[in-house]
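The values are calculated or read from the model by the stated rules, or taken from the named source; none is laboratory data. Here the structure is a predicted model, which is why all the values come from computation and not from measurement. Neighbour counts are summed over all protein chains in view; Cβ atoms, including those assigned to glycine, are modelled from backbone coordinates with ideal geometry.
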Amino acid sequence: DSGVTQTPKHLITATGQRVTLRCSPRSGDLSVYWYQQSLDQGLQFLIHYYNGEERAKGNILERFSAQQFPDLHSELNLSSLELGDSALYFCASSVLASRHNEQFFGPGTRLTVL
Amino acid sequence: DAKTTQPNSMESNEEEPVHLPCNHSTISGTDYIHWYRQLPSQGPEYVIHGLTSNVNNRMASLAIAEDRKSSTLILHRATLRDAAVYYCILNKNNTNAGKSTFGDGTTLTVKP
């Protein structure tokens, strides 16, 4: 158990819909990272927040957005969902802002878009 | 961004050492070499990281070439629980480090 929690574990929805994925980092960690893992794309970095501020963006679509709240939990919002958005979404946390620090990954949310 | 190249798959026998190679010929001076592994149905798990010198921890050893263009993750005695996908990635020591992609990794099979 990494100490990072993600909810829900599974999510099934339809194209065009909007969903919110939630992540609670390990106690004391200020950084939260979001990744997408699909069969054809591997594990892709989406976005990084540190203490409530966006620090880096990766391959995140404009239909996706994220935020980190004062209590440090983070939410990833996916809108106008397409079939290709079906994937595992992982959240990771670390103590510091630098991504060269050890990241602790949550168990993931499996999103299925029908 | 610098990329890494790993073999798609490797096999090992239980209790034997495993050497997992990674090439990163375009590595820059600010890139740290990280290794993560992903067991089936789980999120990735940190294994080890280093910059220039070889590193050891309870899980593995990391041997970094003198020119830093390649590295090797060493599992000293493979167990069945070490069967996983191993990812070698480069992370910069700053917060605006651009894209960080794990790539396809090496699928390690451990035979009893």
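When the test is whether a residue is within 11 Å of another protein chain (Cβ to nearest Cβ), in contact (Cβ under 8 Å) with a residue 40 or more places away in the chain and aromatic (Phe, Trp, Tyr), residue A:45 does not pass it. In this structure, does residue B:30 turn out to be modelled with pLDDT under 90, in contact with a strand residue (DSSP E or B) (Cβ under 6 Å, 6 or more places away or on another chain) and β-branched (Val, Ile, Thr)? For residue B:30, the condition - modelled with pLDDT under 90, in contact with a strand residue (DSSP E or B) (Cβ under 6 Å, 6 or more places away or on another chain) and β-branched (Val, Ile, Thr) - is met. Determine if segment B:44-58 includes at least one residue that is outside any loop (DSSP other than H, G, I, E, B), over 28 Å from residue A:87 (Cα atoms) and away from chain A (no Cβ under 13 Å). Scanning segment B:44-58, I find at least one residue that is outside any loop (DSSP other than H, G, I, E, B), over 28 Å from residue A:87 (Cα atoms) and away from chain A (no Cβ under 13 Å), so the answer is yes. Are any of the residues in segment B:82-105 farther than 24 Å from residue A:47 by Cα, more than 12 Å from the chain's Cα centre (by Cα) and either away from every other protein chain (no Cβ under 14 Å) or not aliphatic (A, V, I, L, M) (or both)? Yes, there is a match, as at least one residue in segment B:82-105 is farther than 24 Å from residue A:47 by Cα, more than 12 Å from the chain's Cα centre (by Cα) and either away from every other protein chain (no Cβ under 14 Å) or not aliphatic (A, V, I, L, M) (or both).
Can you tell me which residue in segment A:77-95 is modelled with the lowest pLDDT, limited to those that are under 15 Å from residue A:31 (Cβ atoms) and among the hydrophobic types (A, V, I, L, M, F, W, C)? Filtering segment A:77-95 for residues that are under 15 Å from residue A:31 (Cβ atoms) and among the hydrophobic types (A, V, I, L, M, F, W, C), the one modelled with the lowest pLDDT comes out as A:95.
Only one of (1) in contact with a Pro (Cβ under 9 Å, 6 or more places away or on another chain); (2) surrounded by 14 or more Cβ atoms within 10 Å (Cβ to Cβ); (3) within 14 Å of chain B (Cβ to nearest Cβ) is not met by residue A:22, so which one is it? In the conditions (1) in contact with a Pro (Cβ under 9 Å, 6 or more places away or on another chain); (2) surrounded by 14 or more Cβ atoms within 10 Å (Cβ to Cβ); (3) within 14 Å of chain B (Cβ to nearest Cβ), residue A:22 misses (3) alone. Per this entry, residue B:32 is not counted among residues that are assigned to a strand (DSSP E or B) and in contact with a Phe, Trp or Tyr (Cβ under 8 Å, 6 or more places away or on another chain).
Can you tell me which residue is surrounded by the most Cβ atoms within 10 Å (Cβ to Cβ) among those in segment B:29-43 that are hydroxyl-bearing (Ser, Thr, Tyr) and in contact (Cβ under 8 Å) with a residue 60 or more places away in the chain? Here the residue is B:36. Taking each residue of segment A:1-19 that is within 14 Å of chain B (Cβ to nearest Cβ) and farther than 21 Å from residue A:84 by Cβ and looking for partners that are loosely packed, with under 13 Cβ neighbours inside 10 Å and of a type outside the set (Val, Ile, Thr) with beta-carbon atoms closer than 8 Å, six or more apart or interchain, yields A:3/A:27. If you go through segment A:1-48 and pick out every residue that is under 15 Å from the mean Cα position of the chain (by Cα) and of a type in the set (S, T, N, Q), you end up with 10. Taken over segment A:73-112, the criterion of being of a type in the set (A, V, I, L, M), within 11 Å of chain B (Cβ to nearest Cβ) and either crowded, with 16+ Cβ neighbours inside 10 Å or under 23 Å from residue A:17 (Cβ atoms) (or both) is satisfied by A:88, A:92, A:97.
Number of residues in segment A:37-56 that are surrounded by fewer than 16 Cβ atoms within 10 Å (Cβ to Cβ), farther than 20 Å from residue A:86 by Cα and not acidic (Asp, Glu): the value is 2.
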